[in-house]
Amino acid sequence: MNPNPAGSPNQYQQQPPYQPNQAPQAYPGQPAPAAAGERGKFPTVVLLVSTVLIGLMAGLFFAFDVSVMPGLAKADDRTYVTAMQNFNSVIDGSPVFGMAFMLALVAVVVSAIVEFRKGRRNVAIWVAAAAVAYFVVLLITFSVNIPLNNELKDAGDAAKMTDFSIVEKFKTTWVSTNIVRTLLCTVALTALSRALILFGRATRSTTTR
């Protein structure tokens, strides 16, 4: 008697031998497994986003270091105050800047956690170093630069000001801390660049196995 009558599926039929380069197959009743490329998209995207955002912040601070602040230093105090008040007003009211400024840290931290959980510890270390550097940037910003910006805002209309001592604070303290922010962002960007190189090597070696 034929144990497998015609027309009935043979659930015990032997599967073909496994091939190393064979794509994962789904069995009946099971969802299709995700492709390796799909599983690797999120770590790649979050690391790239982290690098771009940190690069944007480094570029912004650097622009103030080499052009904005030296240019303002050649102006009179009244012009200095008016210009800085306008700069701060535009930046504070920009949702693009606010999102990039804060999301940079979130993206870097998430990337470090993802890389650590994926077992790529050498990548995670460099991303974590970038996170620490940028966290210090935020600390400096909220403890030094923003209070000075608020003090300048509270000074009111530059045309009616008689005390311009705030200008000296900007020329010394604000400028100095902004240089530190630029250096820290550059350190973070360098660390992320190294992380990208190591990430590329690690993912290439995984996919070629």
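No lab work stands behind these numbers, since they all come straight from the coordinates. Model, not experiment: these values are computed from the prediction.
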Taking Lys160 as the anchor, which lysines have their alpha carbon closer than 20 Å to its alpha carbon, excluding any fewer than eight residues away along the same chain?
Lys169
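Above 20 angstrom, tally the Cα pairs of segment 51-156 and express them as a % of all pairs, no decimals. Each step should come with its number before you reach the end.
Working: 2772 of 5565 pairs.
The calculated P(r) of segment 51-156 puts 50 percent of pairs beyond 20 Å.
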Between segment 170-186 and segment 90-151, what's the alpha-carbon centroid distance in Å?
16
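Before anything else, pin down the relative contact order of segment 55-134: Cα pairs under 8 Å, at least 6 apart, normalised by residue count, whole percent.
On the way: 31 pairs, mean separation 15.6, N = 80.
20 percent.
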Radius of gyration and maximum dimension Dmax of segment 92-209, Cα, Å
19.5, 72
